[in-house]
1. What FRET efficiency comes out for the pair Arg239/Gln173, r = Cβ-Cβ distance, R0 = 41 Å, nearest 0.05?
2. For the stretch 355-362, take each phi angle, set θ = phi - 60°, evaluate the Karplus expression 6.51 cos²θ - 1.76 cosθ + 1.60, and give the result in whole Hz per residue in order, putting x for glycine and proline.
3. Treating only the Cβ of Lys, Arg, Asp and Glu as charged (+1, +1, -1, -1), what charge dipole size does the chain show about its Cα centre? Round to the nearest 20 debye.
4. Divide by every residue of the chain the summed helix terms, -39500 (n - 2.57) for each DSSP H run of at least 4, and state the resulting mean residue ellipticity at 222 nm, rounded to the nearest 500 deg cm²/dmol.
5. Nearest 0.05, what FRET efficiency do Ala359 and Glu9 give at R0 = 35 Å with Cβ-Cβ as r?
6. Highest first, please rank the peptides 147-154, 330-337 by the mean number of other Cβ atoms sitting within 10 Å of their residues.
7. So for the chain: antiparallel DSSP bridges make up what percent, rounded to the nearest 5?
8. Which of Met305, Ala175, Asn149 sits farthest toward the positive end of the charge dipole of the chain, with +1 on the Cβ of Lys and Arg and -1 on the Cβ of Asp and Glu?
Amino acid sequence: MAEDPQDWEIETQAVRGGLARTPYGEISEALFLTQSFAYESAEAADRRFSGEEPGFIYQRFGNPTTDIFERRLALIEGAEACRATASGMAAVQLSLMGLVRAGDHIVAGRALFGSCRWILSEWMPRFGVETTYVDATDLSAWKNAVRPNTRAFLIESPANPLLEVTDIAGVAQIAREAGAKLVVDNVFATPVFQKPLALGADVVVYSATKHIDGQGRVLGGAILGSAELITEAYKDMHRHTGPALSPFNAWVLLKGLETMDLRVRRQTETAATVADAVAAHAKARQVVYCGRDDHPQAAVIARQMSGGGNVIAFDLGSREAAWRFLDALEIVDISNNLGDAKSMATHPSTTTHRSMPEAEREAIGLTQGWVRMSVGLEGARDLVRDVTRALDRA
Ligand SMILES: *Cc1c(COP(=O)(O)O)cnc(C)c1O
């Protein structure tokens, strides 16, 4: 029996999924930096363009290196199809624009990445698409927000920056009943710890910039779902509006995928240790970590996530204390990115979430004392020492 890559463990899929070698038999995936492709004859070009003959036409439509990345990520995600994009935001924007038209309505969790919120609040209304924001942890709020013209639901779970978790299966059922598609931004959970499609979601989006690269180099994104939905809702839009991923970035991300599982698991182990150290420190008023039993949605996490991830959030009571903490760090960088090999911490109220109106920040509990930390691959003892010393000085 031939091996079916769908039956492989994630570690095997991450290293060998989608592999397509040239006649040279290279071990490491080839990087095809080419914009276009030559055809053997005019007739061959005709067949290629008509779709009669498979093959590549132009980098905006597809590329052999990008193709391996898409196949590999789809395999890991358990999705039939994947379209890679130039950034995570290109993926989020495409995932929504492909589902709605003027006059339609979207329901979204209110704790969302800043740029996702901008798309819904500032961009979509220009095209006649309205959004209702709900407390994503409250299933009845989703149900009550549905209108006859609701076409899409968007959730980020765990959400940035306070790691609010949404019951994906519960929301998926409400979306199905409403005739709307559920899009899940799965960045914080990573494909290692959460499979939204298996929980009933229709579309999964990633910023590959985060854990998939994992080494702070390139931007990238992906949109995954059934072959039918990807073809119907996204394929033409992706080809003609131009959010294609650069093959160079696809190659970097492919190599990132090879070690993603290893990295994310080690980061998660270390994050659990750091979260416990922060929780034990007198300066921390509250710690939120998806791997701790005291997470407000621990029961939902137990059902839908197989690991806590590498991001933790903690409240030091005031902006002054949070800034003193950040400024006292010696190993951990002050930076707003996440999923990197290097640990970094940020003050969301004055950085990633500064454009969110104060009242909305308060509604999600994001007061000035909160710090968000992305735990990297440094040694756990070094990180605990650095964080504890900075907390002492907070
Ligand atoms: C970073 C991020 C994005 C955007 O990704 P880019 O690659 O920066 O465009 C979207 N959603 C979440 C949850 C993110 O963390």
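1. Values: r = 33 Å, r/R0 = 0.80.
Result of the calculation: an efficiency of 0.80.
2. With the stated coefficients, the stretch 355-362 comes to 7, 6, x, 3, 4, 6, 4, 5 Hz.
3. Numbers: 40 positive and 50 negative charges, 167 e Å.
The calculated dipole for the chain is roughly 800 debye.
4. Details: 14 runs with 143 residues, N = 394.
Value at 222 nm, helices only, nearest 500: -10500 deg cm²/dmol.
5. On the way: r = 47 Å, r/R0 = 1.33.
Given R0 = 35 Å and the Cβ-Cβ separation, E is 0.15.
6. Ranked from most to least packed, the peptides come out as 147-154, 330-337.
7. Details: 23 of 42 bridges.
So the antiparallel bridges in the chain amount to around 55 percent.
8. Of the candidates, Asn149 comes out farthest on the positive side.
The values are calculated or read from the model by the stated rules, or taken from the named source; none is laboratory data. Model, not experiment: these values are computed from the prediction. Note that we place each Cβ from the backbone using ideal geometry, even for glycine, and neighbour counts take in every protein chain shown. Please note that ligands, DNA and RNA were not included when accessible areas were found on the heavy atoms of the full protein model with its side chains. Shrake-Rupley method; radii C 1.70, N 1.55, O 1.52, S 1.80 Å.
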